[in-house]
Structures are given as structure tokens and as C-alpha cells.
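Trainee: Mind looking over this structure? Questions follow.
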Amino acid sequence: MKVSICWDSENVHATSDLSTKLIEFVTLKKDRVISQRIYTNSSGRNFAKWSLASDFQQIVKIVDVAFPLKNAVDNQIKSDLLDDIYSDNSPDAFILVSGDGDFVNCVKMLRDQGKYVIIFAREGNAKKSLKDVADEFYFIDDLHKFVGEKTEPQTTVINCQISYNEAVDCLIATVENAIRQNQPTDYSHIGKLMRKLFSKYQGVASISTPNGKKIKSFGQFVDMAVKEGKVKKQNQELFLIELNQIAA
């Protein structure tokens, strides 16, 4: 997937290290960053704080919204996101770095347009309403857990095992994403998409059930999820239980 990153530095402080790790995070999902914009407002700011932006000039685009108006940065981000949707090189997914609840309706709009949205925010400064509308949500300080430190090989962040409940959550979210984007929901496609969307599922050798047993094949895992009513299967296609109940 093509991914665009929009960073509200007025809400989440930006550093060159975190900026680089975000790109690595996307790469681990086997996706591609097509743009990364860090938004700030130098109006009324001291020079030392704004001078940090120069560290990013070779990595990302710095957007200085130099207006002394409230929510100037938020409004610029929303405007640019709307432009991205209708651009010739429209992203498939967006990473929004902000915990500001003002972006709730914007995220809803992106998802209505079939875009996948990931939110990164500071711990203790993330509105629940924003978490609830995102496809994925993470705390920015946990980025190093996903991509590893620079001195460590990236393979150290790949789990050899994932719990059954975690895998089910990933499966449901993946099926939902495929349906929303009018993609096939057969075993093969869902398996590939699940690895693509969730770094914690990439490279796992087995799925551990609550009773300690290990599931080593994707088909066996899906059959168990279907048997327990987590998802519905029809002719090797997977569907969400909620959607089928509503349709009925």
C-alpha cells in the first residue's frame, strides 16, 4: 500500500529519530511511504524550538503554518488530507500523528473513502474518540518496540508466536478492511493482507490457543475462528458476523 504520513507537531513533538522509525514501521509492513509532512507553526514560537525543523529537511517536508490563529495547524492538515484523497497519486493509507479529537470527523471521512488510517499519539494525550475511529492505534513512544533500535537487526521485533485472541482481532480487522475496499476475502488474500497490515503477525511460526496448544496453519486457525463464531465462511470467502446479521 502507498502510505502518507501527516504529523501534527503541535500535539506530538517530532524528532528525526521518530520520523525515521515511522518510515521503518511502514517498511516492515511491506508498504511504501510516498510522503511525510510535519506540520508546525513558527508564529509566536521561539527560534530554538523552530530550529529543530532543519534536522528533518533531508527526510521529510516541513509545513510551517505561520498563522497566529487557533487550530491553524489542524485546519491545514485537514485541508491537505482532503487534497490527498483526490490526488492522482492518492495514498491507500494514512498515518496521522496526533491525539487531537478535532481529527475524528476527518478520520471518519478518510475511512468512508476506503482509506486505512493509523493513529500515533502521546500516552496520556490521546482522545478516546480518536482511538475508536482509527483502524490501528499506537503510542508514539512504543515505535522502538516495533522497529527496534538502530543497533539491533529488525528481525528482533518479529514474534515467533502470537496469541489466539490477538490473531482473531487481526483477522476480523483484516476482513473488515478487505470488505471496505472491495477486495476478495478468500483465505489466500486475507492471509497475505493480515501479514501486511499487522507487524505483530508478520513472521509468526504459530498461534497459541488459551489452553496452550499451537496452531501452525492459517487454514486451521480460520476454521477454529469460524467454529467459535468469530467470522463466517461461505465458499472459502470470509465475512464479518455483524454484517451478516444486519443483512439478515
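Trainee: Find the residue count for the range 85-95, including only residues that are out of contact with any Lys or Arg (no Cβ under 9 Å at 6 or more places or on another chain) and open to solvent by 10 Å² or more (accessible area, probe 1.4 Å).
Mentor: 3
Trainee: Still on this structure: Counting only residues that are open to solvent by 10 Å² or more (accessible area, probe 1.4 Å), in contact with a helix residue (DSSP H, G or I) (Cβ under 7 Å, 6 or more places away or on another chain) and among the charged types (D, E, K, R), how many does the range 1-20 have?
Mentor: Summing the residues that are open to solvent by 10 Å² or more (accessible area, probe 1.4 Å), in contact with a helix residue (DSSP H, G or I) (Cβ under 7 Å, 6 or more places away or on another chain) and among the charged types (D, E, K, R) in the range 1-20 gives 1.
Trainee: How many residues, within the range 227-240, are open to solvent by 40 Å² or more (accessible area, probe 1.4 Å) and either within 14 Å of residue 170 (Cα to Cα) or under 24 Å from the mean Cα position of the chain (by Cα) (or both)?
Mentor: Residues in the range 227-240 being open to solvent by 40 Å² or more (accessible area, probe 1.4 Å) and either within 14 Å of residue 170 (Cα to Cα) or under 24 Å from the mean Cα position of the chain (by Cα) (or both): 2 in total.
Trainee: For the range 163-187, enumerate the residues that are assigned to a loop (DSSP other than H, G, I, E, B) and in contact with a strand residue (DSSP E or B) (Cβ under 7 Å, 6 or more places away or on another chain).
Mentor: The one that is assigned to a loop (DSSP other than H, G, I, E, B) and in contact with a strand residue (DSSP E or B) (Cβ under 7 Å, 6 or more places away or on another chain): 185.
Trainee: Right, something else. Of the conditions (1) of a type in the set (Ser, Thr, Tyr); (2) farther than 20 Å from residue 13 by Cα; (3) at pLDDT 90 or above, residue 98 fails just one. Which one is it?
Mentor: The single condition residue 98 does not satisfy is (2).
Trainee: Looking at the range 147-178 only, could you name the residues that are at pLDDT 80 or above and more than 16 Å from residue 209 (Cα to Cα)?
Mentor: Result: 147, 172, 173, 174, 175, 176, 177, 178.
Trainee: Which of the residues spanning the range 1-41 are within 21 Å of residue 124 (Cβ to Cβ), over 14 Å from the mean Cα position of the chain (by Cα) and part of a helix (DSSP H, G or I)?
Mentor: 17, 18
Trainee: Going residue by residue through the range 211-225, is there one that turns out to be in a helix (DSSP H, G or I), farther than 26 Å from residue 114 by Cα, at pLDDT 85 or above and aliphatic (A, V, I, L, M)?
Mentor: yes
Trainee: Residues to consider are 63, 117; find the one that is within 24 Å of residue 16 (Cα to Cα), among the β-branched types (Val, Ile, Thr), outside any helix (DSSP H, G or I) and open to solvent by less than 10 Å² (accessible area, probe 1.4 Å).
Mentor: Answer to the selection: 117.
Trainee: When residues of the range 1-39 are filtered for being basic (Lys, Arg), in contact (Cβ under 8 Å) with a residue 40 or more places away in the chain and farther than 14 Å from residue 77 by Cα, how many remain?
Mentor: Here the count works out to 4.
The values are calculated or read from the model by the stated rules, or taken from the named source; none is laboratory data. All of these numbers come straight from a predicted model, not from anything done at the bench. Every residue, glycine among them, receives a Cβ derived from its backbone with ideal geometry; neighbour counts consider all protein chains shown. We work out accessible area using only protein heavy atoms, side chains counted, and drop any ligands, DNA or RNA first. Shrake-Rupley method; radii C 1.70, N 1.55, O 1.52, S 1.80 Å.
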